[in-house]
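The values are calculated or read from the model by the stated rules, or taken from the named source; none is laboratory data. Quick caveat: nothing in here was measured; it's all calculated off a predicted structure. For neighbour counting, all protein chains shown are included, and Cβ atoms are generated from backbone atoms with ideal geometry for every residue, glycine included.
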Amino acid sequence: MKNKYIAAFEAAQVESKEIPLFRAGDTLRLGVEIKEGTKTRVQNFEGIVIALKGEGVSNTFTIRKIGANGIGVERIFPLYSDSLKTIEVLRRGDVRRAKLNYLRELKGKAAKIKELRKF
């Protein structure tokens, strides 16, 4: 049972942010705000959504990309974080799982996800 003030605050957080619909298997480009000393800048992080977790304000998602030298990089983002400036869906993936943890073991073409043609 939540306190009514906390529930009202969470509702205001959810309403204030415009979030596109996405699911596991989709390719996203995120604009993440990075603070370096007194300066701030927005850096893009592009990868495949491998998991969605939680509900409401505590909703998080995990994104995986292949970095330099074929090293996999995963980051977990809170959906309603202030550091997320933009969320852009680049491709819709055609997958049959809610969690794509099996992608961690795959390399090269085996790690490709089919694109969903209709959306």
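Of the residues that sit in the stretch 4-29 and are assigned to a loop (DSSP other than H, G, I, E, B) and of a type outside the set (A, V, I, L, M), which one is modelled with the lowest pLDDT?
Residues of the stretch 4-29 assigned to a loop (DSSP other than H, G, I, E, B): 17-26.
Going one step further and asking which of them are of a type outside the set (A, V, I, L, M), we end up with 17-18, 20, 22-23, 25-26.
Details: Lys17: 81, Glu18: 84, Pro20: 90, Phe22: 91, Arg23: 92, Gly25: 91, Asp26: 93.
Looking at residues that are assigned to a loop (DSSP other than H, G, I, E, B) and of a type outside the set (A, V, I, L, M), I get Lys17.
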**Item:** Only listed residue being assigned to a loop (DSSP other than H, G, I, E, B), at pLDDT 90 or above, of a type in the set (A, V, I, L, M) and surrounded by 11 or more Cβ atoms within 10 Å (Cβ to Cβ), chosen from Val32, Val95, Val49, Val73
**Value:** Val95
**Request:** Give the residues of the stretch 76-92 that are touching an Asp or Glu at 6+ places or on another chain (Cβ under 6 Å) and assigned to a loop (DSSP other than H, G, I, E, B), sorted by residue number.
**Result:** Ser83, Arg92
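Inspect the stretch 52-65 for any residue being touching a residue at least 40 places away in the same chain (Cβ under 8 Å) and either more than 15 Å from the chain's Cα centre (by Cα) or at positive phi (or both) and give the result as yes or no.
Yes, that holds for at least one residue.
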**Message:** Filter the stretch 9-29 down to the residues that are surrounded by 12 or more Cβ atoms within 10 Å (Cβ to Cβ), aliphatic (A, V, I, L, M) and in contact (Cβ under 8 Å) with a residue 60 or more places away in the chain and list them by number.
**Reply:** Val14, Ala24, Leu28
**Asked** In the stretch 54-70, what residues are surrounded by 13 or more Cβ atoms within 10 Å (Cβ to Cβ) and either touching a Pro at 6+ places or on another chain (Cβ under 9 Å) or under 18 Å from Arg104 (Cα atoms) (or both)?
**Response** Val57, Asn59, Thr60, Phe61, Thr62, Ile63, Arg64, Lys65, Ile66
**Prompt:** What is the one condition in (1) within 10 Å of the chain's Cα centre (by Cα); (2) loosely packed, with under 12 Cβ neighbours inside 10 Å that Arg117 does not satisfy?
**Reply:** (1)
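Look at Arg117 and say whether it is in contact with a Leu (Cβ under 9 Å, 6 or more places away or on another chain) and not hydrophobic (A, V, I, L, M, F, W, C).
On the way: in contact with a Leu (Cβ under 9 Å, 6 or more places away or on another chain): no; not hydrophobic (A, V, I, L, M, F, W, C): yes.
In short, no.
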**Prompt:** within 30 Å of Ala7 (Cβ to Cβ) and part of a strand (DSSP E or B) - does that describe any residue in the stretch 105-116?
**Reply:** no
